[in-house]
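Input: a single structure, listed below in structure tokens.
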Amino acid sequence: MSVRALILALSLTVLAGCAHQAAPVADLPNLGVVKTQLVAYHDSGAYDRDLARVAGEAGAWITARAATLPAGSHPALVLDIDETSLSNWPQLKINDFGYIKAGGCDLDRGPCAAPAWEMMGRAAVIAPTLELYRQARAAGVAVFFITGRPEGEREATARNLVAAGYEGWAGLVLRAPGAHGSAADYKTGERARIETQGYTIIANMGDQDSDLAGGHAERTFKLANPYYFIP
Ligand SMILES: [Mg+2]
């Protein structure tokens, strides 16, 4: 099954998992097969290879582009966090790819609610993205994280990023309390704000189309994520 088909199947799973939807998850065809394939995609190393390929393309672009910019251009790289800079795999897997909105996090038996997991600060580095990050810093490119995580998770998120090896970012943008609107609109607005600070965003990398839509970056780089979808 192609990655696109897996994404479609998982999107259906998420929809079916919403309380207001009539169709129970068990009615979806081949759901167990899809989940087995999702785990195999991760565990086989194919997922990591796909991440590394895209991050490598971003790195090549950043290095080449930064070298052509005139002095004082203030080039910048924008990175998403979840499934871009940090991996939430233990949480995704123990929840059988469901999204748990509230409660605690039991990583041995599940469930593990996303906010509780994020507050633990235990997400693992996505190594190709850390390599890209270091390449960017070495090329004099400022790095900004823009995440859909809420502002209340700032300290835990920063601690997790540092533990994963990210150091010296120019900005860490989280969602303000009570913020409305789509992820795409929020992220687009934040990139525009970075530009008004005098930066030229030469690259934007994320695992969701909503990380990348809306412009305000010279190039976008889309990482694979067949595990969940954020509109
Ligand atoms: Mg993400």
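One residue alone among Ile62, Ile81 is within 16 Å of the ligand (Cβ to nearest atom) and surrounded by 20 or more Cβ atoms within 10 Å (Cβ to Cβ), and that residue is Ile81.
Residues that are touching a Pro at 6+ places or on another chain (Cβ under 9 Å), small (Gly, Ala, Ser) and assigned by TED's automatic domain parsing to the domain that holds Ile230 within segment 59-104 comprise Gly59, Ala66, listed in sequence order.
Restricting segment 34-59 to residues that are of a type in the set (Val, Ile, Thr), touching a residue at least 12 places away in the same chain (Cβ under 8 Å) and more than 16 Å from the ligand (Cβ to nearest atom) leaves a set whose member that is farthest from Leu174 (Cα to Cα) is Val34. In summary, strands (runs of 3 or more DSSP E) completely within segment 164-231 and bearing 1 or more residues that are surrounded by fewer than 16 Cβ atoms within 10 Å (Cβ to Cβ) occur at 219-222.
Could you list, in sequence order, the residues of segment 60-102 that are in contact (Cβ under 8 Å) with a residue 12 or more places away in the chain and assigned to a helix (DSSP H, G or I)? Trp61, Ile62, Thr63, Arg65, Ala66, Ala67, Trp89, Pro90, Gln91, Leu92, Lys93, Ile94 - these are the residues of segment 60-102 that are in contact (Cβ under 8 Å) with a residue 12 or more places away in the chain and assigned to a helix (DSSP H, G or I). The residues listed here are Ala71, Ala113, Ala136; of these, the one that is at pLDDT below 95, more than 14 Å from Asn160 (Cβ to Cβ) and not acidic (Asp, Glu) is Ala71.
Please verify whether segment 142-149 includes one or more residues that are surrounded by fewer than 16 Cβ atoms within 10 Å (Cβ to Cβ) and in the same structural domain as Thr68 (by TED's automatic domain parsing). No, that holds for no residue. For segment 193-210, filtering for residues that are away from the ligand (no atom under 16 Å from the Cβ) and closer than 30 Å to Pro226 by Cβ leaves 3.
The values are calculated or read from the model by the stated rules, or taken from the named source; none is laboratory data. These numbers come from a predicted model, not from an experiment. Neighbour counts are summed over all protein chains in view; Cβ atoms, including those assigned to glycine, are modelled from backbone coordinates with ideal geometry.
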